[in-house]
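Notes follow once the structure below has been shown.
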Amino acid sequence: MKMITAIIKPFKLDDVREALSEIGVQGITVTEVKGFGRQKGHTELYRGAEYVVDFLPKVKIEAAVPDDLAEQTVEAVTKAANTGKIGDGKIFVFNIEQAIRIRTGETGADAL
């Protein structure tokens, strides 16, 4: 089992969700986050005062998938979240040692 974590631009969330549904990913967790990478933030003008916005709004998507679906998941997120501009985000893949469904007690891939 793999945990796929993707940090993407917020307006791409619906595209990514649809792409993951099409390949059979059953559940995702979405968190609104802030961060910066190579973009380094930007300056904005508010009521005549200029200030620096260091952290940009992003969305973090997490999906636990079976090993055989991991590569497809990464490809689907990459295609759906790509705008070709700086700040498109990153994808991280982690191994999951164990998963347990609380309601039924199912373990491993059955719990996904």
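The values are calculated or read from the model by the stated rules, or taken from the named source; none is laboratory data. What you see is a predicted model; the values in this text were computed from it and never measured. In this analysis, Cβ positions are derived from the backbone assuming ideal geometry, glycine residues included, and neighbour counts consider all displayed protein chains. Just the protein is used for accessible areas: all its heavy atoms, side chains included, with ligands, DNA and RNA removed. Shrake-Rupley method; radii C 1.70, N 1.55, O 1.52, S 1.80 Å.
Taking the chain as a Gaussian network, where each spring joins two C-alpha atoms under 10 Å apart, which residue of LYS60, LYS79, LYS12 fluctuates the most?
LYS79
Rounding to the nearest 20 debye, state how big the charge dipole of the chain is about its Cα centre with +1 on each Lys and Arg Cβ and -1 on each Asp and Glu Cβ.
It works out to roughly 500 debye.
Could you give the length gained by full extension between GLU32 and GLU50, i.e. 0.36 nm per residue of separation minus their alpha carbon distance, to one decimal place?
Details: separation 18, 0.36 × 18 = 6.48 nm, distance 2.53 nm.
Here the answer is 4.0 nm.
Enumerate the amide H contacts of VAL33 below 5 Å, restricted to partners 5 or more residues apart or on another chain; note that Pro and chain-start residues carry no placed amide H.
Close amide H contacts, sequence-distant or interchain: LYS58, VAL59, LYS60.
Could you state the angle between the C-alpha long axis of helix 67-81 and the longest principal axis of the C-alpha atoms of the chain, as a value from 0 to 90 degrees rounded to the nearest 10?
Once rounded, one gets 20 degrees.
Select from ALA81, ALA64, ALA49 the residue whose mean-square fluctuation is largest in a Gaussian network model of the chain (Cα-Cα springs shorter than 10 Å).
Fluctuation is largest for ALA49.
Round to a whole angstrom and tell me the spacing of the C-alpha centers of the range 43-96 and the range 10-32.
Cα centroid of the range 43-96 versus Cα centroid of the range 10-32: 12 Å apart.
Enumerate the amide H contacts of GLU106 below 5 Å, restricted to partners 5 or more residues apart or on another chain; note that Pro and chain-start residues carry no placed amide H.
Result for GLU106 returns ARG101.
Choose one of VAL53, LEU13, VAL93: the residue whose Cα lies farthest towards the positive end of the charge dipole of the chain (beta-carbon charges +1 Lys, Arg; -1 Asp, Glu; about the Cα centre).
VAL53
If one takes the longest principal axis of the Cα atoms in the chain, at what angle in degrees, from 0 to 90 and to the nearest 10, does the Cα axis of helix 13-23 lie?
Taking Cα atoms only, the helix is inclined about 20 degrees.
Taking the dipole about the Cα centre of the chain, with the C-beta of Lys and Arg at +1 and of Asp and Glu at -1, give me whichever of VAL65, THR104, ILE4 is farthest to the positive side.
ILE4
Between THR83 and ARG17, what is the FRET efficiency for a Förster distance of 22 Å, r being their Cβ-Cβ separation, to the nearest 0.05?
Numbers: r = 16 Å, r/R0 = 0.74.
According to the calculation, E is roughly 0.85.
May I ask for the net charge around ALA80, where only other residues with Cβ less than 10 Å from the Cβ of ALA80 are counted and Lys, Arg are +1 while Asp, Glu are -1?
That sum, taken over residues with Cβ under 10 Å, equals -2.
What accessible area per residue comes out for the chain, rounded to a whole number of Å², with a 1.4 Å probe?
Details: 7760 Å² over 112 residues.
Normalised by residue count, the accessible surface of the chain is 69 Å².
If Lys and Arg each add +1 and Asp and Glu each add -1, what is the summed charge of the other residues whose beta carbon sits under 10 Å from the beta carbon of GLY89? List each step's numbers first, then the result.
Details: positive: LYS9, LYS12, LYS58, LYS60, LYS90; negative: ASP88.
Once all neighbours under 10 Å are counted, the net charge is +4.
Net charge within 12 Å of GLN98 by Cβ-Cβ distance, Lys/Arg positive one each and Asp/Glu negative one each, not counting GLN98 itself? Don't skip to the answer; put the middle values down first.
Working: positive: ARG101; negative: GLU97, GLU106, ASP110.
Every neighbour counted, the sum reads -2.
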